[in-house]
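J.: Submitted below is the structure of interest, expressed as structure tokens.
The values are calculated or read from the model by the stated rules, or taken from the named source; none is laboratory data. Note that the structure is predicted; figures quoted are calculated from it, not measured. Positions of Cβ are backbone-derived with ideal geometry, glycine not excepted, and every protein chain shown enters the neighbour counts.
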Amino acid sequence: MLYLVVALPCEAKPLTRQLGLVRDNDVANPASFAGDDGILVVSGVGKARAAAATAFMLARYGDRGPGVVANVGVCGATGNVHEIGQLLVINRIRDHGSDRLFLPDMLYRHSCPEAALTTCDQPVQSGQSTVGAGSVVDMEGAGFFEAAAMFVPADLIICLKVVSDFLDEDLKAARVTELMAAQAGPAVDILRGAAAAAHAPEPPLTPAEQEALSIAAEALRLSVTQRHMLQQLAVGYKLRTSQNLLPILEPCHTSDTIDKQARLARFDDLRRQLAPA
Amino acid sequence: MPHTTNFSHIYVEKGAGEYPDTQQICRRFSQAQVVAVDDYKHMFNRPNQRFQAQKRSMKLILAVKKEQFLYPGSGRAPDFGHDAFYYSAQMFNCVYNCDYCYLQGKYASANLVIFVNHEDYIAAADERLAAAGGLYLGVSYDTDLLAFENVLPLCRRWIEFARPRSNLLIEIRTKSANFDAIADLDPIPNAVLAWTLSPAVVSGQYESRTPPLAARLAAAREAVAAGWPVRVCFDPVLRIENWRERYAELIDSTFAALSPSGLFDCYIGSFRMNADYLKRIRCQRQGSDLLHFPYTRQGKTVGYADDQEAEMLAFVGQCLSTYLPADKIIVHRVPPGNNL
């Protein structure tokens, strides 16, 4: 699943098309788009809006499955290191206002150049000394990253920028869309690749086994500590033996009709069955 | 999509760039992206990092250690009878990825931190040495220095530091087979090279990326032949399936490769860990049966139940006693009811 935060509608358009996303009409603001493997929210300009939109997106749509959270958009470049239209993977974000540093985990392979990003509170003009030569500037990255980091691990947060200018021109929306359209495919490829590589291993217990464990714990009226102990034993048993846990757990599902001593005896018996030899 | 290669990125703390070690490491990994950071902790201590995801693509963080160059040994590690037992942590984390490693719970990040101001460690060791009159110093705790020796020759430096200081005993503990990296040095009696050995099934299943048993034994054999004091460590002893047979085989294999008379000593310890660390590691590494064993908690330490631990240590000790005299077998048990 890809969770995208984009500042402007003209940046979003090529990405919604690339991912086949449609407007979620249940949400008026921020404009949100949803599809089978992607969510995109248009935040508006500035780091506060980016942070708010990121938090909104992850709170509202975050249960749609594991994936990566990304900020994709255009940026201005300083110096002559980058080219107009180039797609960059951001490896460092500095909030110009607070001087705070945010560091994405660069775990997933890509073939794009990398760059350091400075997020400014106001548009930067060519010749201003607010950012170092060779770095790129935007107005959202730091806000996005700080908010995303409250929800997901650092390796699942990605920032991709397309160089739109050298801080010396007033960009039109159509030009931004054109630049983004040229890089929407590669950007989505990077994000999908990262989402696939980041996929966490399946939990050891199947949903049916986890459910059976909960029913058994309820029927045996286990304390929180006892439930934790049972969970650890069940996971250990499953990992050691690869055996189905249901035949062991299901006989405990009817224990609510017996007295406390009998329930404790049944719990002890369960522990013995699940413990290593 | 594959992960980026290990050390594809080097994070250099402000002030660390001028140190020769930083420049050497950046030259060694000349293709790496160098990212400047204000403080290594911004990268290393961030909340919400996935240790095991990072293990698939470890990064280097180069920093300058500002304080506490030596740490007093914890009761979970053996002091081998030395009153002044300290360890230095010039690197945080290790290139290997053992299931049972406490570093997964100790640190938020799997990235490797290297403190490039080696001379400050040396000065701290000299100061401690002068104050205590003698010192036992573990220089490869919280890491595996010998495995990293080809990148940064820290073992070599510590050995050269120890050479003229007879009241200093250093231990370089390793699972690597990289003895060649220091094979040209003349051996000294006060630098113990300590190899951790595990049954082949353990190294294959639970010690990811480590050299196999045969390679470790070959390295230890070379070290013994060259005249180094060599310690073998059966630590942690694990209650795996058929553990008696597996550890008996391990000890037989060890002494088929190494002459008992050539060993400095032999150390045995069973699995134990800080309880909070284990809790964290279980969340990160859900697929390891070893970590989900029903360990017993005593104070802040988890490990095998007393009777299980005693049984395992006694068995391994007995196997060893057929090869070594009792005074060369060191058995470590965490004191009962410890509150470390």
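J.: Give the number of residues within the range A:225-250 that are more than 14 Å from A:R263 (Cα to Cα), surrounded by fewer than 19 Cβ atoms within 10 Å (Cβ to Cβ) and within 14 Å of chain B (Cβ to nearest Cβ).
T.: Number satisfying all stated conditions: 10.
J.: Mind listing whichever residues of the range B:222-244 are away from chain A (no Cβ under 14 Å) and of a type in the set (D, E)?
T.: B:E222, B:D235
J.: Only one of these conditions is not met by A:I158: (1) outside any strand (DSSP E or B); (2) within 14 Å of chain B (Cβ to nearest Cβ). Which number is it?
T.: Exception for A:I158: condition (1).
J.: Turning to a different aspect of this structure: Give me the residue from the range B:1-19 that is more than 14 Å from chain A (Cβ to nearest Cβ) and in contact (Cβ under 8 Å) with a residue 60 or more places away in the chain and, out of that set, surrounded by the most Cβ atoms within 10 Å (Cβ to Cβ). Step through it out loud before you land on a result.
T.: Taking the range B:1-19 first, the residues more than 14 Å from chain A (Cβ to nearest Cβ) are B:15-19.
Narrowing the set further to residues that are in contact (Cβ under 8 Å) with a residue 60 or more places away in the chain leaves B:16, B:19.
Numbers: B:A16: 22, B:Y19: 19.
Selected residue: B:A16.
J.: Does A:A48 satisfy the condition of being among the aliphatic types (A, V, I, L, M) and either more than 23 Å from A:D105 (Cα to Cα) or within 16 Å of the chain's Cα centre (by Cα) (or both)?
T.: no
J.: Does A:N80 satisfy being among the polar types (S, T, N, Q) and either surrounded by fewer than 19 Cβ atoms within 10 Å (Cβ to Cβ) or over 30 Å from A:H199 (Cβ atoms) (or both)? Give the steps one after another, and end with the answer.
T.: Numbers: among the polar types (S, T, N, Q): yes; either surrounded by fewer than 19 Cβ atoms within 10 Å (Cβ to Cβ) or over 30 Å from A:H199 (Cβ atoms) (or both): yes.
Judged against the criteria, A:N80 is a match.
J.: Also: Which residue out of B:V316, B:V334 is in a loop (DSSP other than H, G, I, E, B), touching a residue at least 40 places away in the same chain (Cβ under 8 Å) and crowded, with 19+ Cβ neighbours inside 10 Å?
T.: The conditions single out B:V334.
J.: Go through (1) more than 7 Å from every other protein chain (Cβ to nearest Cβ); (2) buried (at least 17 other Cβ atoms within 10 Å of the Cβ); (3) of a type outside the set (A, V, I, L, M, F, W, C); (4) within 17 Å of A:A154 (Cα to Cα) one by one and return the number of the condition B:K41 breaks.
T.: Condition not satisfied by B:K41: (2).
J.: Restricting to the range A:45-67, name every residue that is part of a loop (DSSP other than H, G, I, E, B) and either modelled with pLDDT under 95 or buried (at least 19 other Cβ atoms within 10 Å of the Cβ) (or both).
T.: Of everything in the range A:45-67, those that are part of a loop (DSSP other than H, G, I, E, B) and either modelled with pLDDT under 95 or buried (at least 19 other Cβ atoms within 10 Å of the Cβ) (or both) turn out to be A:G65, A:P66, A:G67.
J.: Checking the structure you have, find out if any residue of the range B:286-297 is over 22 Å from the mean Cα position of the chain (by Cα) and of a type in the set (K, R).
T.: yes
J.: Could you look through the range A:252-261, keep only residues that are within 16 Å of A:E218 (Cβ to Cβ) and loosely packed, with under 13 Cβ neighbours inside 10 Å, and pick out the one that is modelled with the highest pLDDT? Don't jump to the end; show me each part of the working.
T.: Filtering the range A:252-261 down to residues within 16 Å of A:E218 (Cβ to Cβ) leaves A:252-258, A:260.
If we keep only those that are loosely packed, with under 13 Cβ neighbours inside 10 Å too, we end up with A:254, A:256-257, A:260.
Details: A:T254: 78, A:D256: 58, A:T257: 64, A:K260: 84.
Restricting to residues being within 16 Å of A:E218 (Cβ to Cβ) and loosely packed, with under 13 Cβ neighbours inside 10 Å, the top hit is A:K260.
J.: Of all the helices (runs of 4 or more DSSP H) wholly in the range A:201-277, which have at least 1 residues that are more than 39 Å from the chain's Cα centre (by Cα)?
T.: Correct list: A:260-274.
J.: With B:M1, B:M43 as the choices, which residue is modelled with pLDDT under 95 and under 30 Å from A:A187 (Cα atoms)?
T.: Unique residue meeting the criteria: B:M1.
J.: Restrict the check to the range B:125-133 and report whether at least one residue is modelled with pLDDT of 95 or more and either of a type in the set (S, T, N, Q) or crowded, with 18+ Cβ neighbours inside 10 Å (or both).
T.: Yes, that holds for at least one residue.
J.: Please go through the range A:104-131 and give me each residue that is in contact with a Lys or Arg (Cβ under 9 Å, 6 or more places away or on another chain), in contact (Cβ under 8 Å) with a residue 40 or more places away in the chain and crowded, with 20+ Cβ neighbours inside 10 Å, ordered by number.
T.: Correct list: A:P104, A:D105, A:L107, A:A115, A:L117, A:T119, A:V131.
Per-residue answers, yes or no, for (1) more than 14 Å from chain B (Cβ to nearest Cβ); (2) touching an Asp or Glu at 6+ places or on another chain (Cβ under 8 Å); (3) outside any loop (DSSP other than H, G, I, E, B):
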| position | (1), (2), (3) |
| --- | --- |
| A:V69 | no, no, yes |
| A:C75 | yes, yes, yes |
| A:H82 | yes, no, no |
| A:I90 | no, yes, yes |
| A:H110 | no, no, no |
| A:A115 | no, no, yes |
| A:Q122 | yes, no, no |
| A:M150 | no, no, no |
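J.: Could you pull out the residue among B:A89, B:A63 that is closer than 20 Å to B:L154 by Cβ and either without any contact (Cβ under 8 Å) to a residue 40 or more places away in the chain or out of contact with any strand residue (DSSP E or B) (no Cβ under 6 Å at 6 or more places or on another chain) (or both)?
T.: None of the other options fit; the residue is B:A89.
J.: Can you confirm whether the range A:180-197 contains a residue that is within 30 Å of B:D99 (Cα to Cα), without any contact (Cβ under 8 Å) to a residue 60 or more places away in the chain and not aromatic (F, W, Y)?
T.: Yes, some residue in the range A:180-197 is within 30 Å of B:D99 (Cα to Cα), without any contact (Cβ under 8 Å) to a residue 60 or more places away in the chain and not aromatic (F, W, Y).
J.: I would also like to ask the following. Within the group A:A195, A:A187, which residue is within 10 Å of chain B (Cβ to nearest Cβ), of a type in the set (G, A, S) and not in a loop (DSSP other than H, G, I, E, B)?
T.: None of the other options fit; the residue is A:A195.
J.: Do we have A:L2 as at pLDDT 95 or above, surrounded by fewer than 22 Cβ atoms within 10 Å (Cβ to Cβ) and over 25 Å from A:H96 (Cβ atoms) here?
T.: Details: at pLDDT 95 or above: yes; surrounded by fewer than 22 Cβ atoms within 10 Å (Cβ to Cβ): no; over 25 Å from A:H96 (Cβ atoms): yes.
It is false that A:L2 is at pLDDT 95 or above, surrounded by fewer than 22 Cβ atoms within 10 Å (Cβ to Cβ) and over 25 Å from A:H96 (Cβ atoms).
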